[in-house]
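Peer 1: Below are the C-alpha cells for one structure; questions will follow.
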Amino acid sequence: MSGPDDADRLAAVEETPVWLEVNRKPAVTWMCTPDQLEQLCVGWLHGEGYIRSLQDLRALRPCATDLGFWAEVAEEAVALVAADERRRVLASGCGAVSVALADPASLPARAPRGDPPPFAVMRALFKEMFHRGVRYDETGGIHAAALTDGAALLEHAEDIGRHNAVDKVIGGALLHGRDPDGLGLLVTGRISAELAFKAARAGLAWVATPSVPSTLAQVIAARAGVVLVGRAVSGAPQVHRGATAPPVGGGSARP
C-alpha cells in the first residue's frame, strides 16, 4: 500500500482541454498535453484542409483567460472543408475521440513520393526520438512523433494523443518555414486512418511505427502514394506499398 510520501513519486501525464475557433465558430476541442499549442493549431488546420501553407492563416490569437485560440482563414477554405461531407466517427485512438473522417476517394491519387531510409538508419532515428522523450522518461505514458528528412530529426513533439503529436510536428515545420512535402514521419503508436490522412494531406513520403498500420490506413496510403513501415524497430520491419500487396520485409526499406 502506498504511503503519504509516495504521492510525489506516482507517475501521471498531463491532460487538459484546449479549444480552437475558426472564423468565430467552434471547430475542435482537443484533450491534449498543453505545450507546443501553436504548432498543434497550425498542424490541425493544415491536416483538416483549412490551410495549405502558413500564408493561408490570416491570424492565430490565443485567449488571454482560457486555453484556447481563435484562427482566421479564408471563408472559401471553410466552405471547401464543409463541402467534404466528412463522416463523424469515433477514432481508433486513446479513448472516445470523435473525428471527421473524409472519404479516401477525396484524396488525389499520387505516385509514391520516395522511399524510407535503410532500416538501420530508421532504427537510429527512432532511438533519437525516444532519447528526446522527456515526458516519456518521466511518466512512461505519452506518444511521440517526429518529422525527418531520412538523415536527422527536424521536428519532435510529445502528446497524450498520437494524432495531436503528429499535428504538432507538421505545424512546427510550417511555422519554421519548412514544407513537409516529401519528408518522413515517425510515430510511436499504430498508424490509423486519421494519421494516414494527415500524412497524405501533408505530402509526406512515408510513415513508420514500431506498431502496425490499420487496413484503412493502407487503403488511404496506397491512394496517396505514402509508404507505410510497420514494426520498424524490430528485426523484421514490414513495408506496405499498397492496400492489397503483402508486407515486404528485409534489411532495407529501399528496393
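The values are calculated or read from the model by the stated rules, or taken from the named source; none is laboratory data. None of the values given here were measured: they were computed from a predicted structure. Cβ: placed from backbone, ideal geometry, glycine included. Neighbour counts: every protein chain shown.
Peer 1: Considering only residues of the stretch 49-95 that are among the basic types (Lys, Arg) and under 17 Å from residue 163 (Cβ atoms), which is modelled with the highest pLDDT?
Peer 2: 86
Peer 1: Hey, another quick one. For residue 174, are the conditions met, namely being under 27 Å from residue 59 (Cβ atoms), surrounded by 23 or more Cβ atoms within 10 Å (Cβ to Cβ) and not hydroxyl-bearing (Ser, Thr, Tyr)?
Peer 2: Criteria met by residue 174.
Peer 1: Related question: Examine the stretch 147-163 for a residue that is out of contact with any Gly (no Cβ under 7 Å at 6 or more places or on another chain), loosely packed, with under 12 Cβ neighbours inside 10 Å and at pLDDT 95 or above, and state whether such a residue exists.
Peer 2: Yes - at least one qualifying residue is present in the stretch 147-163.
Peer 1: Quick check on the stretch 209-222: of everything there that is in contact (Cβ under 8 Å) with a residue 40 or more places away in the chain and outside any loop (DSSP other than H, G, I, E, B), which residue is farthest from residue 165 (Cα to Cα)?
Peer 2: 219
Peer 1: Within the stretch 137-163, restricting attention to residues that are hydrophobic (A, V, I, L, M, F, W, C) and part of a loop (DSSP other than H, G, I, E, B), which residue is farthest from residue 29 (Cα to Cα)?
Peer 2: Selected residue: 151.
Residue-wise test of (1) surrounded by 23 or more Cβ atoms within 10 Å (Cβ to Cβ); (2) part of a helix (DSSP H, G or I); (3) at pLDDT below 95.
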{"site": "165", "(1), (2), (3)": "yes, yes, no"}
{"site": "178", "(1), (2), (3)": "no, no, no"}
{"site": "181", "(1), (2), (3)": "no, no, no"}
{"site": "189", "(1), (2), (3)": "no, no, yes"}
{"site": "199", "(1), (2), (3)": "yes, yes, no"}
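Peer 1: Being within 15 Å of residue 117 (Cα to Cα) and in contact with a Lys or Arg (Cβ under 8 Å, 6 or more places away or on another chain) narrows it down to one residue among 203, 182; which is it?
Peer 2: 182
Peer 1: Something else about it: Among the residues of the stretch 45-77, how many are part of a helix (DSSP H, G or I), within 18 Å of residue 204 (Cβ to Cβ) and out of contact with any Lys or Arg (no Cβ under 9 Å at 6 or more places or on another chain)?
Peer 2: Residues that pass the stated criteria total 2.
Peer 1: Further question: Could you tell me whether the stretch 96-110 includes any residue that is part of a loop (DSSP other than H, G, I, E, B), at pLDDT 85 or above and not acidic (Asp, Glu)?
Peer 2: yes
Peer 1: Still on this model: Restricting to the stretch 223-239, name every residue that is outside any loop (DSSP other than H, G, I, E, B), at pLDDT 95 or above and buried (at least 19 other Cβ atoms within 10 Å of the Cβ).
Peer 2: Across the stretch 223-239, the qualifying residues are 227, 228, 229, 230, 239.
Peer 1: Still on this model: Can you give me the number of residues within the stretch 10-44 that are assigned to a loop (DSSP other than H, G, I, E, B) and over 24 Å from residue 201 (Cα atoms)?
Peer 2: 8
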